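Novice: After the structure tokens below, expect a handful of questions from me.
The values are calculated or read from the model by the stated rules, or taken from the named source; none is laboratory data. Keep in mind it's a predicted model, so treat the numbers as computed, not measured. In this analysis, Cβ positions are derived from the backbone assuming ideal geometry, glycine residues included, and neighbour counts consider all displayed protein chains. The protein model used for the area step is the full one, side chains on, heavy atoms only, and it has no ligands, DNA or RNA in it. Shrake-Rupley method; radii C 1.70, N 1.55, O 1.52, S 1.80 Å.
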Amino acid sequence: MTDLRTRWRDFRHGMSQRWDRQPKATKIGLILVFVVFLYALPEKGFYEYLGLPLGEYIPLYTTRNDMATVLFQCGYYILLALGLNIVVGYAGLLDLGFFGFFAVGAYTVATLTSPTSKIFTEYNWLDSPWPWLVALPLAIALSLLAGVILGWPVLRLRGDYLAIVTLGFAEMIRIVAQQNDWIFNGDRGISQIAHPPGSSGGKPIFAFDAKPYYWLVLTVIIAMVFLIRNLVRSRVGRAWVAIREDEDAAELMGVPTYKFKLWAFAMGAGIGGFSGALWAGQANFVNSSTFRLEQSILVLAAVLLGGAGNIFGAILGGFLVIYVPEWLRSVGDVFGLPEQVRIAGEPYDVSATNLRYLFFGIILIVIMIFRPQGLWPNRRRAAELKDREKEAMVGV
């Protein structure tokens, strides 16, 4: 096992050196080719040829679910992972309730754009439903404001205490949405949510076809990567890293830690609300059952799996936590596995669809044991973990 890890580390180091030696024009060209590949990915004539020739052809696309739908789900989870990565990966704040900001964005769009919303049908607070594009900035702003309101009193806490409070925030949002019938319709939810604008040949582009939504969320992700990358390289990003490494030392050096932590919380919340607004436009329906605790845990798992503190690690993690379980549905079709077995005359469901999260959980455990820094960690973050590991060994 140690030999395999050494070989893998040498391979990654060699690939990194090769990439660094490439001319800038070559790097830009390769990045553009990869972006074109991503935009072409939901086209059936393209993805049906993607596979692995291991003894027999193993397709990489999902056979039990629409590929474009799965890619869109990956897209809004990647956005969530990018937002949470600011909070956890850069500022070092443990947030277990990040999905609550997703709910704020989704419910804002739903209540303002749906003709079935009670603010139009019963209370007459507004004359007519808003277009999705008009409601989007308000959804982002309210999510950002929710981050500020939550962060203002609780960011003086650290570690487990902060995690418990943020967990309570997410549960509070879910319970309020579930039990509040006067505007959120409780478990009945809100339907007929508006789609993003755009038409082709007299037909709306953004209806129930997932492809345009995937292209939209992919464009947003690319824009967010540039925004976050520039932000991290600025004074704000350097302050976040200083807080993550040693908050007390950063404060002694004159860094206003509370202010920068609040900025991280607010910016992450805004991106989470943006993701929720995109999802609500495609789902066309919102109710409280969507915003469960495990969704927040899954986003945190995405950040840690990919590599906290690295933009591309968060993207990889957000993709894997959605795509791998959906792809595992296809394993039974590929290998002809049975759907049921009988034990003592009783049928038991052993399909890959039913057991996919068991397999995915095992994969996560193995990766976290052997790669605690994540699959694509930030170099500085990986060095910090190595130093802490050495300190722990000395303490023992």
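Novice: Might you work out the accessible area of E171 for me, using a 1.4 Å probe with all protein chains in place, and round it to the nearest 10 Å²?
Specialist: 50
Novice: Report the charge-dipole magnitude of the chain in Debye, nearest 20, computed about the Cα centre from +1 at each Lys and Arg Cβ and -1 at each Asp and Glu Cβ.
Specialist: Computed charge dipole of the chain: roughly 1320 debye.
Novice: At 1.4 Å probe size, with no ligands or nucleic acids counted, give the accessible surface of Y39 in Å², nearest ten.
Specialist: Counting only protein heavy atoms, the figure is 70 Å².
Novice: How much of S200 can a 1.4 Å solvent probe reach, expressed as accessible area in Å² and rounded to 10?
Specialist: 80
Novice: Quick check: net charge around S288, other residues with Cβ under 13 Å of its Cβ, Lys/Arg +1 and Asp/Glu -1?
Specialist: 0
Novice: Mind running the shape call on the chain? Use the C-alpha gyration tensor, a ≥ b ≥ c as the square roots of the eigenvalues: rounded below 1.5 for a/c, prolate if a/b tops b/c, oblate otherwise.
Specialist: Rounded, because the longest to shortest axis ratio a/c is under 1.5.
Novice: Mind giving me the FRET efficiency for L231 and D349? R0 is 35 Å, r the Cβ-Cβ distance, nearest 0.05 is fine.
Specialist: After rounding to 0.05, the efficiency reads 0.15.
Novice: Add -39500 (n - 2.57) for each DSSP H run of 4 or more in the chain, then divide by its residues: what number comes out at 222 nm, to the nearest 500 deg cm²/dmol?
Specialist: So the helix-based figure for the chain works out to -22000 deg cm²/dmol.
Novice: With unit charges on the beta carbon (Lys/Arg positive, Asp/Glu negative), name the residue among A264, N124, S199 whose Cα is farthest towards the positive pole of the charge dipole of the chain.
Specialist: The one lying farthest along the dipole's positive direction is A264.
Novice: Just tell me which aspartates and glutamates come within less than 20 Å, Cα to Cα, of K203; anything on the same chain fewer than 8 places away is out.
Specialist: In chain and number order, the partners are E43.
Novice: Over 25 Å apart: what share of the alpha carbon pairs of region 210-322 falls there, rounded to a whole percent?
Specialist: Summing the P(r) of region 210-322 above 25 Å gives 31 percent of all pairs.
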